[in-house]
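Chemist: If you scroll down you'll find the structure; I have some questions about it.
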Protein chains: 2
Amino acid sequence: MMRPTRNGAQLITNTQGSAPGTGPQPADFTDVRATNLAVVLRFVRENAPCSRADIAASTGLNKATVSSLVADLIDRRLLRETGLTENRVGRPATMLVLDGSPYAAVGIEVNVDYLTAVAVDLKGEALLSWRRSFPGGSASAGQAVAGIAGVARRVVTRMTKEARQVLGLTVAVPGLVDLTGSVRLAPNMGWRDVDLAGDLAKVLRDPGFPVLVDNDANLGALAELRFGPHGGVRDLVYLTGEIGVGAGIVLDGRLRRGGAGFSGEIGHIEIVPGGPPCHCGRRGCLEVVAGLGALLDRTVPGGVSPAELEPEIDEVVQRAEAGDPVVLDLLDTLAGNLGRGVGIVANLLNPEVVVLGGYYVKLAPWILARVEQEMLARTLAPGGGGCRLVVSGLGYGAAALGAAARVLDSVDSGRLPAPA
Amino acid sequence: MMRPTRNGAQLITNTQGSAPGTGPQPADFTDVRATNLAVVLRFVRENAPCSRADIAASTGLNKATVSSLVADLIDRRLLRETGLTENRVGRPATMLVLDGSPYAAVGIEVNVDYLTAVAVDLKGEALLSWRRSFPGGSASAGQAVAGIAGVARRVVTRMTKEARQVLGLTVAVPGLVDLTGSVRLAPNMGWRDVDLAGDLAKVLRDPGFPVLVDNDANLGALAELRFGPHGGVRDLVYLTGEIGVGAGIVLDGRLRRGGAGFSGEIGHIEIVPGGPPCHCGRRGCLEVVAGLGALLDRTVPGGVSPAELEPEIDEVVQRAEAGDPVVLDLLDTLAGNLGRGVGIVANLLNPEVVVLGGYYVKLAPWILARVEQEMLARTLAPGGGGCRLVVSGLGYGAAALGAAARVLDSVDSGRLPAPA
DNA sequence: GTTTGTTTGGTCGTTAGACGAACTAACTCT
DNA sequence: AGAGTTAGTTCGTCTAACGACCAAACAAAC
């Protein structure tokens with residue numbers, strides 16, 4: 001068996017929210033420990049059930065070190081010993097799995113018309129999945145905060161009843177979210193400069209876990225990265241197909257949020273110069289030529305109300321299935337425009353995978369081929385630079401799931417709960 | 001004085017070219033040491049001259065640890081003690097500076113018509129800057145490799161004569177370079193699948209230093225990051241203004257190359273649907289509506305020969321200075337199109353800075369304002385999300401300088417020369 | 001000049017934690 | 001039963017950061 005190379009790992013140092021301009025943090029022994037604990041945790045996540053010996057062989061860590069790390073993780077109730085292996089030569093191995101029972105990660109997705117809450121255990125398995133209607137578009141920001149906090153509280157009490165400790169809460173918002181978790185602009189919600197993370201922490205008064213806020217597309221990308229069928233992909237772009245279009249950008253294995261946290265605003269890239277007007281005041285934005293709001297405006301007489309997005313999409317699907325030439329033509333045009341947007345992404349970022357999410361999933365049978373064809377035709381690198389176009393399998397709760405995944409990510413990168 | 005927080009630094013672990021899919025590398029003590037050596041080295045680079053006590057106070061490392069690390073770096077001839085401080089209360093401090101004398105980092109920029117070689121010392125100060133004409137467009141790849149190797153050899157012997165050890169050589173190429181340093185496609189050079197890094201290493205037969213190859217825009221971005229006046233910027237995009245247009249993308253402090261290394265191909269994003277044809281076979285690419293090759297085709301009668309790019313640009317500048325309305329109009333159109341490209345970048349990546357490089361520098365007086373205006377008008381985030389547009393001050397050797405910076409980067413991130 | 005205070009930088013002992021080797025445990029196969 | 005194999009633990013070693021202390025070298029106050 002090949003011993004893995006050990007050339008230059010990146011230590012986890014306590015640089016969570018380090019000020020920009022702060023150079024690289026110095027490291028000490030606790031960083032080594034944190035790094036290795038995270039390594040073992042992630043290995044078990046990806047290879048459960050597995051033995052201490054497996055971990056040592058695959059990671060290159062010493063057997064003794066692995067034993068110590070595993071004991072630590074068991075103390076923290078992150079791992080659990082399960083049965084022994086049988087029918088094998090040699091001493092049977094005690095297998096290890098993630099302990100699903102003591103913790104929960106909570107994600108809430110805020111939308112114009114509804115609010116989705118999910119909780120998952122350490123393994124990422126769903127514990128709870130709620131969907132409530134929610135007057136996000138019409139309520140004030142304060143009311144919205146109260147509504148979100150109410151749901152969060154109910155989720156937390158439910159988890160507490162199951163004897164689970166909540167490790168964190170992340171809220172997904174469709175809009176520009178800065179790096180502090182403050183919503184700078186969310187047109188569909190009618191929000192501007194709402195310090196959602198701060199307000200929520202205040203309303204939940206000392207919840208005992210971190211409260212984060214991020215963009216829905218970013219969190220959708222995290223959901224795909226963790227729960228999607230893309231083994232070990234390090235460069236991925238997720239596209240939300242809602243009323244608007246947003247992108248979540250993962251490069252080298254991590255979300256890239258840009259200088260202020262506003263990356264991924266692909267929806268307002270100009271695709272058709274002089275094209276139809278967009279609510280943002282410009283013309284020909286990707287959102288108006290490949291977004292679903294604009295599509296429905298053209299297929300549904302009398303315009304689209306955000307609250308009724310899903311049934312209207314279903315109607316489009318039915319008409320497409322029935323072969324309605326008007327709808328098929330609109331979908332083909334949409335696919336062409338979307339393909340041009342994907343082509344831009346492929347040229348500029350060269351991701352391994354672009355995932356179509358949201359309602360694009362339902363429309364995939366009629367748009368996927370054309371989108372891919374346009375993307376390939378527009379990338380300089382042969383074969384799109386290896387970029388694959390796939391359809392999300394996560395359904396509509398992707399951002400909420402990604403919000404929960406965000407919590408698990410912080411655990412995986414070293415923020416472990418204290419031992420009992 | 002505030003003690004810096006020490007919460008979660010990222011250790012340098014020996015993961016230079018770790019296989020994709022390989023999880024995070026486990027860490028051991030040597031990683032801690034490497035991380036801290038790099039921290040001290042970088043601190044001195046940014047704060048020279050400074051004392052051991054300064055380093056300890058600012059980094060949070062223990063004084064004893066700093067002494068040990070500094071001794072190690074002095075052994076490796078990376079640091080040097082200089083004089084003592086005077087006229088201060090207390091014991092005078094022995095000041096430390098980067099030792100400029102024993103090492104050199106070499107960068108070579110390959111272009112269609114010329115070849116630029118630079119060498120810098122540890123401080124980044126230029127030791128040598130050559131520019132040779134070079135029949136890159138007409139020669140075969142093999143001849144080109146021989147030519148590059150020849151120049152490299154001369155630089156190395158020159159450095160050796162000055163008693164300097166060459167720490168590495170990086171070659172900048174205008175084209176698609178994969179992650180192994182193989183040139184997949186360089187239209188202007190007429191190259192396809194040339195394993196430049198491998199071939200050079202072979203021709204230089206065991207040069208004793210690593211030979212890397214990267215895209216010219218990527219390396220331009222590194223040059224801006226290290227030598228440009230952008231203090232501590234973590235998200236930056238560099239645009240090359242040559243015959244074509246390329247982008248080098250830095251996010252969270254590091255180059256992001258994409259899954260295959262082909263990121264940054266902004267030149268072949270479709271800006272004007274149905275626009276003028278591009279040599280790549282498509283229409284309306286940024287390159288043909290904002291590239292300098294296309295500009296010169298319209299201003300210089302009889303088309304442009306790549307070998308004469310600079311004088312022709314100078315002629316455009318003269319005509320612009322003279323107020324030639326045709327040229328001014330063309331430049332304004334170019335600026336509008338370029339601004340749309342920059343707007344795409346700002347929306348998608350939200351960099352703190354976009355740097356215009358190459359020959360855009362000479363044209364800046366006539367294009368900068370319009371480019372910025374278009375960029376701001378097209379970004380969803382207010383104020384362009386904080387994105388500043390600046391002109392490079394590095395001149396034409398930016399990619400070569402960045403190639404050398406690439407070598408220094410690898411030193412800064414822990415790849416230190418062995419002690420004497 | 002003497003004293004006092006301040007700052008630098010080094011020494012020494014402590015400690016965390018990874019590593020290697022040896023060892024024990026528990027099984028299968030012959 | 002014995003040989004072979006694999007798992008996991010124990011123990012001693014070693015690296016390197018850390019805290020405390022100390023001597024050196026200066027300025028300022030007296």
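The values are calculated or read from the model by the stated rules, or taken from the named source; none is laboratory data. In this text, all values refer to a predicted model and were calculated from it rather than measured experimentally. Neighbour counts are summed over all protein chains in view; Cβ atoms, including those assigned to glycine, are modelled from backbone coordinates with ideal geometry. The protein model used for the area step is the full one, side chains on, heavy atoms only, and it has no ligands, DNA or RNA in it. Shrake-Rupley method; radii C 1.70, N 1.55, O 1.52, S 1.80 Å.
Chemist: Just want to confirm a number: the relative contact order over region B:63-174, from Cα pairs under 8 angstrom separated by 6+ residues, in percent.
Modeler: 25
Chemist: Separate question: If one computes the Cα centroid of region A:55-72 and of region B:320-346, what distance in Å separates the two points?
Modeler: The distance from the Cα centre of region A:55-72 to that of region B:320-346 comes to 60 Å.
Chemist: To continue, here is another question. Mind ranking B:L416, B:L73 by accessible surface for me, highest first, 1.4 Å probe?
Modeler: B:L416, B:L73
Chemist: Suppose every Lys and Arg Cβ carries +1 and every Asp and Glu Cβ carries -1, with no other charges. What dipole size does the protein assembly as shown come out with about its Cα centre, to the nearest 20 debye?
Modeler: Computed about the Cα centre, the dipole is about 2640 debye.
Chemist: Nearest 100 Å², what total accessible surface is buried between chain B and chain A (probe 1.4 Å)?
Modeler: The summed interface area works out to 5900 Å².
Chemist: Run the dipole for chain A about the Cα centre, Lys and Arg Cβ at +1, Asp and Glu Cβ at -1, nothing else charged, and hand back the magnitude in debye, nearest 20.
Modeler: 1340
Chemist: Something else now. Counting only DSSP beta bridges with both residues in region B:157-241, tell me the antiparallel percent, nearest 5.
Modeler: 50
Chemist: Per residue of region B:253-270, in order, report the coupling 6.51 cos²θ - 1.76 cosθ + 1.60 (Karplus, θ = phi - 60°) as ³J(HN,Hα) in whole Hz, putting x for Gly and Pro.
Modeler: Running phi through 6.51 cos²θ - 1.76 cosθ + 1.60 with θ = phi - 60° gives x, 9, 4, 10, 9, x, x, 10, x, 9, 5, x, 7, 6, x, 10, 6, 6 Hz.
Chemist: Still on this model: Summarise the partner chain shielding of A:264-273 as one whole number: the mean count of Cβ atoms from other chains within 10 Å of each residue's Cβ.
Modeler: Mean shielding by partner chains, rounded to a whole number: 6.
Chemist: If you don't mind, there's one more thing I want to ask. Which whole number gives the average count of other chain Cβ atoms within 10 Å of the Cβ atoms across peptide B:248-256?
Modeler: 4
Chemist: What's the average, rounded to a whole number, of partner chain beta-carbon atoms within 10 Å of each residue's beta-carbon in A:281-292?
Modeler: What the average comes to for A:281-292 is 1.
Chemist: Moving on. Under 5 Å between amide hydrogens, which residues at least 5 positions from A:L380 or on another chain qualify, with H placed 1.01 Å from N in the peptide plane?
Modeler: It is none; the list stays empty.
Chemist: Taking a quarter of the surface of the convex hull around the Cα atoms of chain B, what do you get in nm²?
Modeler: With the hull built on Cα positions only, its mean projection is 23.6 nm².
Chemist: Work the Kirkwood hydrodynamic radius out for region A:231-393: mean of 1/r over every pair of different alpha-carbon atoms, inverted, in Å.
Modeler: Roughly 16.0 Å, rounded to one decimal.
Chemist: Moving to a separate point now. Rounded to the nearest percent, how much of the accessible area of region B:229-393 (1.4 Å probe, protein heavy atoms only) is carbon and sulfur?
Modeler: 52
Chemist: Turning to a different aspect of this structure: Express the accessible area of region B:235-292 per residue in Å², computed with a 1.4 Å probe while the remaining protein chains stay in the model.
Modeler: Value returned for region B:235-292: 24 Å² of accessible area per residue.
Chemist: So what is the accessible area of region B:65-203 per residue, in Å², with the probe set to 1.4 Å?
Modeler: Computed with neighbouring chains in place, this is 43 Å² per residue.
Chemist: Mean separation of Cα pairs under 8 Å and 6+ residues apart, divided by the residue count of region B:105-254: what relative contact order is that in percent?
Modeler: 18
Chemist: Same structure, new question: Over the protein assembly as shown, what portion of Cα pair distances is larger than 38 Å, expressed as a whole percent?
Modeler: In whole percent, the long-distance tail amounts to 45.
Chemist: Taking every DSSP beta bridge that has both residues in chain A, what percent is antiparallel when rounded to the nearest 5?
Modeler: Rounded to the nearest five, the antiparallel share is 65 percent.
Chemist: Quick one: which of A:315-326, B:371-382, A:103-114, A:225-236 comes out on top by average Cβ neighbours within 10 Å, and what's the full order, highest first?
Modeler: A:103-114, B:371-382, A:225-236, A:315-326
Chemist: Between B:V245, B:V173, B:V97, find the one with the highest GNM mean-square fluctuation for chain B; connect C-alpha pairs within less than 10 Å.
Modeler: B:V97
Chemist: Per-residue ellipticity at 222 nm for chain A, helices alone: DSSP H runs ≥ 4 residues times -39500 (n - 2.57), over residue total, nearest 500 deg cm²/dmol?
Modeler: Taking each H run of at least 4 residues, the total per residue is -12500 deg cm²/dmol.
Chemist: Turning to a different aspect of this structure: Can you work out the Karplus-derived ³J(HN,Hα) for every residue in region A:51-62? Use 6.51 cos²θ - 1.76 cosθ + 1.60 with θ = phi - 60°, whole Hz, and x for glycine or proline.
Modeler: 9, 4, 5, 4, 4, 4, 5, 7, 8, x, 6, 5
Chemist: For chain A, what is the relative contact order in percent, using Cα pairs closer than 8 Å and at least 6 residues apart in sequence?
Modeler: Once normalised by length, the contact order is 16 percent.
Chemist: Then there is this: Please quote Rg/Rh for region A:29-98 to two decimal places, taking the Kirkwood radius as Rh and restricting both calculations to Cα atoms.
Modeler: 0.96
Chemist: On to the next question. Given the pairs A:K161/A:K202; B:K63/B:K123; B:K123/B:K202, which are separated by over 27 angstrom at their Cα positions?
Modeler: B:K123/B:K202
Chemist: Residue-wise, which Karplus ³J(HN,Hα) couplings in Hz belong to region B:330-339, taking 6.51 cos²θ - 1.76 cosθ + 1.60, θ = phi - 60°, and x for glycine or proline?
Modeler: Computed from phi, the couplings for region B:330-339 are 4, 5, 5, 5, 4, 4, x, 5, 4, x Hz.
Chemist: If you roll a 1.4 Å probe over region B:20-119 with all protein chains in place, what percent of the accessible area is carbon or sulfur?
Modeler: 51
Chemist: At a 1.4 Å probe radius, which order do A:K161, B:K123, A:K63 fall into by accessible area, largest first?
Modeler: So, going from the largest accessible area down, we get A:K161, A:K63, B:K123.
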